[in-house]
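Undergrad: Pasting in a structure now, in structure tokens, and then I'll have a few things to ask.
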Amino acid sequence: MNIKPSYIGELLAAGRLVLTTDSTEETEEVGRLMGRAINGPIVMTLAGDLGSGKTCFARGLARGLGVDERYPVTSPTYTIVNEYPGRLPLFHLDLYRLGGGEELEEIGYRDMQQQEGVIVVEWPERSDDDELGTDLAIVLGEEGPDERVITMRCLHPNVDLREQV
Ligand SMILES: Nc1ncnc2c1ncn2[C@@H]1O[C@H](COP(=O)(O)OP(=O)(O)OP(=O)(O)O)[C@@H](O)[C@H]1O
Ligand SMILES: [Mg+2]
């Protein structure tokens, strides 16, 4: 797969974009492209089964957002949230271990939103788009050992991404 910067323009124009990746590196690269395009505060969800590549996408996103390679981007399954310094503050969440929407308060979600950074949420199914304030909903589907279908949907018409990255 050849990852083209024009994908962001396509996503913004159609409100939806579907890509297929054939390796871990390619999924990271799609994340990186998204990270480079981010132009302001955004909430992005990453849905998909265990091992579908959510953390892999988030790792690329962090790099595209300028998070230094010195910071390893690892799964926040046990920490629930990992924070990284980038062009904008990055909050990487994994809600797998959360029970219900009310726990968002307990993990300080409102405070994170007020910091006007980038929030990327794995296992958003534990909450919902209204609670999370999702701008961009991404679903990763496993099609084969190394093949993943990545579907992205803009939930608002004015998602703040730059077309030229
Ligand atoms: N095209 C691909 N894109 C992403 N990951 C892939 C791809 N092909 C194989 N993989 C492998 O799938 C696994 C994805 O792991 P990752 O931790 O990113 O999943 P996850 O969706 O975050 O899982 P979890 O729900 O446990 O948090 C890795 O072992 C990765 O190497
Ligand atoms: Mg993960």
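Values in this text are rule-based calculations from the coordinates and carry no lab data. Just so it is clear, the model here is predicted, and its values are computed rather than measured. FYI the Cβ positions are ideal-geometry reconstructions off the backbone, even for glycines, and counts take in every protein chain you see.
Undergrad: Which value in nm describes the separation of the simple spin-label points at Y96 and E83, placed 7 Å from the Cα toward the beta carbon?
TA: 2.3 nm
Undergrad: Using the Cα atoms of segment 6-154 to build a convex hull, what is its mean projected area in square nanometres?
TA: Reported value for the Cα convex hull: 8.1 nm².
Undergrad: Out of all DSSP beta bridges in segment 53-165, what portion is antiparallel? Express it as a percent rounded to 5.
TA: The antiparallel proportion sits near 70 percent.
Undergrad: Sticking with this structure for a sec: Under a point spin-label approximation (7 Å from Cα along Cα-to-Cβ), what is the R162-A13 distance to one decimal in nm?
TA: It works out to 2.0 nm between the two label points.
Undergrad: Using a simple spin-label model with points 7 Å from Cα along the Cα→Cβ vector, what separation in nm is obtained for M1 and E106?
TA: In this crude label model, M1 to E106 measures out at 3.6 nm.
Undergrad: Here is a further query. Can you list residues from other chains, or at least 5 along the same chain, whose modelled amide H is less than 5 Å from the amide H of L90?
TA: Close amide H contacts, sequence-distant or interchain: Y84, V118.
Undergrad: I've got another one for you. Given R₀ = 30 Å, FRET efficiency for E116-D146 by Cβ-Cβ distance, to 0.05?
TA: The value I calculate is 0.25.
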